[in-house]
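Report on one structure; see the data block that follows.
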Amino acid sequence: MRKNFIAGFISLFIVLAFVSCDLFSSGGEEQSESETITLTVKNLSRYTMTVAVGSAKKSCGSGGGEIKFSKDDGLSEGLIYVYLSYVRSAVEPEIVCRISNPVSIVKNEDTRVEITDYTAVEDSLDSKNRGTVASLKTATTLTVKNSSSFDLADVTWRGTVFSSNPMESVLEKGSEEKASVDVGYGYLFFTRKSDNAVLRSKDIINIKNRGSDEVYEILDSTLSLEVNYETNTGTLSSIEKKVVFFDGAEGNIFAYSARSDVTYAKVSGSDKFEPNSPYSGDYCFRMNNGWSYNDGSYLEFIVDMEHSGTLSFWYYDRSNYADLTLYVNNERKKSFGTVDYQWSCCKQPLEEGRNVIKLSSINVSTSDFTQYRYLDDILIVYDE
């Protein structure tokens, strides 16, 4: 009898244990299913916004609009950043930023974030650009101040022109001009109007932070280099102009007093007679060697030299049937043939006074009329 009682007791204990485990298990599942992860964003600012958390984006009206993110939106426990995009006015670009302080998401709590005009934010593209929702800068600016003794033309930084007289593209002495620019670095280019010396700053202007306001001041003592002849250096007030003429084949061809069958070419080595690239820049001159015997092409221009100087240019030739000839004042100075299929430099002294310069390519073949000759960076400088 006692044994039966003990056996029954043990059986009852086992049944109760199973029931208890099942209850605890059911309670755990119910608890897991009832866990919530939510984030409520309330927009008290003046601007309608798109609010992004992870890959989820929702529109939120201004002046008290509310939106909610949950697990269904991919929200999870931990620290997250809340991203905002909005437009403050019709003349400003869209602002894309994030709230500076991360938000802590906790299970079973409705985390709340309020956005006001004074909420601290930082630029999504440059975290150093910081401010508030209402004050975050959208434009990076550069002010160029001409504190020198010279009027300067074509003042340019990375393609942006600074001009106090837009009709002439001139930054007059004593004036300054402000412009919106992109983050980056580069030299400041300008032309000294008194003698048309084309110069650039020796220093690089480096704008690192988006939304910053930078200032560059040009003084008589600003270290400068002459563009296209950069061994000529000095201060803005002391540097002497050396470049008399330059054509890198990048602009127009109308500076020439006469020309025939000479065009710009963007070469890429597409055939055995063509160079792989210009000597410099994007383009070079292509001279047709002629479509018949003793036919050809030429460039001619005139320079008036205040004193002696030097003409130089680069040429590329794969023609065995034409000669490139240099004439100065109708006098034949040099002729060139094939030179190892590479860019080569020619230099020719020039005397004081008027110089009529002609580069001519004449076909000497009776059968081959399809080849070209190439020129680049025609330069004339005064002697030291």
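The values are calculated or read from the model by the stated rules, or taken from the named source; none is laboratory data. Fair warning: this is a prediction, and the values are worked out from it, not measured in the lab. We place every Cβ from the backbone using ideal geometry, glycine too, and count neighbours over all the protein chains shown. Remember, those area values only see protein heavy atoms, side chains included, never the ligands or the DNA or RNA. Shrake-Rupley method; radii C 1.70, N 1.55, O 1.52, S 1.80 Å.
Quick notes
- Selection status of Leu359, more than 18 Å from Ala258 (Cα to Cα), open to solvent by less than 70 Å² (accessible area, probe 1.4 Å) and modelled with pLDDT of 90 or more: no
- Members of the stretch 157-184 that are open to solvent by less than 80 Å² (accessible area, probe 1.4 Å), among the charged types (D, E, K, R) and outside any strand (DSSP E or B): Glu172
- When Leu324 is tested against the conditions (1) modelled with pLDDT under 80; (2) more than 38 Å from the chain's Cα centre (by Cα); (3) within 14 Å of Tyr372 (Cα to Cα), the lone failure is (1).
- Matching option when the condition is open to solvent by less than 20 Å² (accessible area, probe 1.4 Å) and either on the phi > 0 side of the Ramachandran plot or of a type in the set (Lys, Arg) (or both), among Gly211, Gly248, Gly281, Gly269: Gly211
- Qualifying residue in the stretch 93-116 (condition: without any contact (Cβ under 8 Å) to a residue 12 or more places away in the chain and under 20 Å from Tyr216 (Cα atoms)): no
- Candidates in the stretch 251-260 are the residues that are open to solvent by 70 Å² or more (accessible area, probe 1.4 Å) and free of Cβ contacts under 8 Å to residues at least 40 places away in the same chain; of these, the one that is farthest from Asp377 (Cα to Cα) is Phe254.
- Scan of the stretch 112-121 for residues that are touching a strand residue (DSSP E or B) at 6+ places or on another chain (Cβ under 8 Å), open to solvent by less than 50 Å² (accessible area, probe 1.4 Å) and either modelled with pLDDT under 95 or not in a strand (DSSP E or B) (or both), ordered by number: Asp117, Thr119
- Positions within the stretch 38-72 being open to solvent by 50 Å² or more (accessible area, probe 1.4 Å) and either in contact (Cβ under 8 Å) with a residue 60 or more places away in the chain or in a loop (DSSP other than H, G, I, E, B) (or both), in sequence order: Lys42, Leu44, Arg46, Thr48, Gly54, Ser55, Ser62, Gly63
- Checked against (1) at pLDDT 95 or above; (2) over 30 Å from Ser89 (Cβ atoms), Thr48 meets all criteria but (2).
- Glu217 meets each of the listed conditions (1) in contact with a Phe, Trp or Tyr (Cβ under 7 Å, 6 or more places away or on another chain); (2) in a strand (DSSP E or B); (3) open to solvent by 50 Å² or more (accessible area, probe 1.4 Å) apart from (1).
- Matching residues in the stretch 100-111 - criterion: being open to solvent by less than 60 Å² (accessible area, probe 1.4 Å) and farther than 29 Å from Val183 by Cβ: Ile105, Val106, Thr111
- When Lys145, Lys137 are checked against the criterion of being modelled with pLDDT of 95 or more and either surrounded by 14 or more Cβ atoms within 10 Å (Cβ to Cβ) or at negative phi (or both), a single residue qualifies: Lys145.
- Once the stretch 125-134 is narrowed to residues that are open to solvent by less than 60 Å² (accessible area, probe 1.4 Å) and either at pLDDT 85 or above or touching a helix residue (DSSP H, G or I) at 6+ places or on another chain (Cβ under 6 Å) (or both), the residue that is nearest to Trp157 (Cα to Cα) is Asn129.
- Residues within the stretch 76-95 that are part of a loop (DSSP other than H, G, I, E, B) and either at pLDDT below 95 or open to solvent by 40 Å² or more (accessible area, probe 1.4 Å) (or both), tallied: 11
- Screening Glu352, Glu306, Glu300, Glu331 for residues that are in contact with a strand residue (DSSP E or B) (Cβ under 6 Å, 6 or more places away or on another chain), modelled with pLDDT of 90 or more and open to solvent by 80 Å² or more (accessible area, probe 1.4 Å) leaves exactly one candidate, Glu352.
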